[in-house]
Amino acid sequence: MDKRVRDRRAAMNRSELYVDKVHTWHSLQFIPMPVHTVEHKTHVQTNIYPALADACMTGSLPLSNASETLLAVDSGDEFMYVAVHGGAEILRWSYSIGDGHILSFSSRHTILDLNADAHRHPQHIVDMKFYVGSLYVAVAQGRIFRINEDALLSSNTMAAVHELYKDLSRYLGDLRSLSVAGTYLLWTQSSQVTLGSVDGMKEEVSDRALLVEKSLQDLAGSLVEVVQAELAADATSFFVAVWDTDQATLSVFQVAISVETTSNAMVEHQQLRELRQSWTSRDVRLMLTPFSAFVHNRNEIWMFPTSISKDTTPSQISSPGSSNRISGCGFFFQKGLDCKVSDWLNMSSCSASCGGGLVRQAREVLAEPSLGGQPCPGDLEREVACNEMLCPVDCKMSLWKDSGGCSRSCGGGTIVQTRIIESHPMYGGAPCSKVLEHEVGCNSQPCEGTDCIFSDWIDKGACSRTCGGGRREQYRKVLREAAFGGRPCSDMNASRLVQCNMVPCKAEGFDPIAGGRASGFDFDISDFCDPSETLENCRGK
């Protein structure tokens, strides 16, 4: 399959990215549903629902004043294919969507003229559809052909027309409509609806009647005929417009496609659902999009869901008035504007510097979506992994271990020590030292012993007497223990009792001078007397 075809099919599947557009025609106008625009012969009139005013798209393209206009739109390449019902020419216009949703048209080109060959019988186009890169065309005289995308863009399109079916009108009359969905084609004649293949008539693929005259009469009346049929997007059902000549009314039915339907062409009543509205003119056309179904006549447009029930009533979305005329409807996909969000911003630091942590991030909505664009994400905050690199592992080395003995037994020697690498560094860890062997001091003790050393004596408590001789306890601290055979501290006293306050206490009749002499403390008192005093006065007598 051509890549552009695959891309377009994928884009159509992503329907949420697109806004469905309805086109109403006298000349050519384009507006998003349910907005509608119609043209007088001399001017453009646009009616817009207020809620959708900002989505209105307008444009015009001059057409002939035909009874019905056919169009098919290539949304991907922005081409519009236009034909007149019953005509023989197909025109291609390029279009673009500018600011303000204004449609512009250019490069008109005739891609096909079925009556260019004067020797052939006149051919009349009754329907055409653009689907997944190809244009499918039905001719009243019983022909259905396909023009692939490359051929549509070539200068000689007629040479590349691929005829899928021919002579279909030989027994059942002219073709009336054509529809495409998936790998199926659906075409109608006045008394039959037929299912075929986009690959045409092949041995392994045969066309099958889905609705024949007998079943049609049983379900809708004796004098009825098929006006048009359209396949649903999933090809599980089709809508058919039936004209009742007796009642002069047109009704729309949805018919489920089942194995029984394709095998015996009989439609049971349980497969049939009728829209709860009829029309009094047969000039009514159906249009199906992947999301909604539409019915229009010359003046009005109705919309209803693609799955109807017995109570489904279409909603009228336009009623332009008797002076306006709608000659055709079509649809295309316009890519909406997606929600726009900012980049993720870190709102915190990583919870770990290595080995895997978490960081909180947030983003904000910069622009809301419009026209069916991708919605805004629900996650505006998140936690993500960070610093997932492995943490550095440093080199691991063993402890130093003596190798051999000390070079001296005392007085300071040296000894050799060695160590080994137990594990090498990883992930940028600290490298291993190159020093695996060194010498350290040993046996630094002196060769001669050192005695225990005490501090000076320290008084402990007060003297036991204030005079006349008392006792006081003293102690001393060990400043250095004995070593290497020196005199130990245990051989010396760490405490003792000493005399204190040896001065005699004063008593009655005591002569201190005599006492002094008695104690060996003799002196001449006259040395301490005033020269003017007598010795007796000095002595206190």
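All of the numbers you see were taken from the coordinates with simple rules; none came from a lab. The structure displayed is predicted, hence computed values, not measured ones. Because the Cβ atoms are built from the backbone with ideal geometry, glycine has one as well, and the counts that use them run over all protein chains shown.
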C500-D456 FRET efficiency (beta carbon distance; Förster radius 22 Å; 0.05 resolution): 0.85
Out-of-range pairs (alpha-carbon distance over 25 Å; input K129/K310; K129/K340; K310/K335; K401/K434; K129/K202): K129/K310; K129/K340; K310/K335
Extension reserve of the L390-C376 stretch, reckoned as 0.36 nm per residue once the Cα distance is removed: 1.4 nm
Under the Debye formula (equal points on every Cα, no solvent term), log10 I(q)/I(0) of the stretch 200-258 at q = 0.22, 0.24, 0.27, 0.28 Å⁻¹: -0.91, -1.01, -1.15, -1.19
The stretch 333-344 - phi-based ³J(HN,Hα) in whole Hz, Karplus 6.51/-1.76/1.60, Gly and Pro as x: 9, 10, 5, x, 8, 6, 4, 10, 10, 6, 5, 5
Extension reserve of the L358-N299 stretch, reckoned as 0.36 nm per residue once the Cα distance is removed: 14.9 nm
³J(HN,Hα) computed for each position of the stretch 360-370 - Karplus, 6.51 cos²θ - 1.76 cosθ + 1.60, integer Hz, glycine/proline x: 8, 10, 8, 9, 10, 7, 8, 8, 6, x, 8
Nearest-20 debye value, the stretch 101-229 charge dipole, Cβ charges on Lys, Arg, Asp, Glu: 180
Hull volume in cubic angstrom per residue (convex hull over the Cα atoms of the stretch 74-135): 91
At R0 = 51 Å, FRET efficiency that the Cβ-Cβ distance of A367 and S307 yields, to 0.05: 0.90
Set of the stretch 418-445 residues, backbone N closer than 18 Å to the point 7 Å along the Cα-Cβ line of R480: 443-445
Local electrostatic count, K129, Cβ distance below 12 Å [Lys/Arg +1, Asp/Glu -1]: -2
P(r) histogram, all alpha-carbon pairs of the stretch 332-488 included - 5 Å bins from 0, percent: 2, 7, 7, 6, 6, 6, 6, 6, 5, 5, 5, 6, 6, 5, 4, 4, 4, 3, 3, 2, 1, 1, 1, 0, 0, 0, 0
Expected-Rg normalisation [2.2 N^0.38 Å, Cα atoms] applied to the stretch 423-463: 2.87
Where a label projected 7 Å from the Cα of A256 along Cα→Cβ would reach, residues of the stretch 272-286 with amide N under 15 Å: 272-274
Nearest-0.05 FRET efficiency for N346 and A233, computed from C-beta distance (R0 41 Å): 0.35
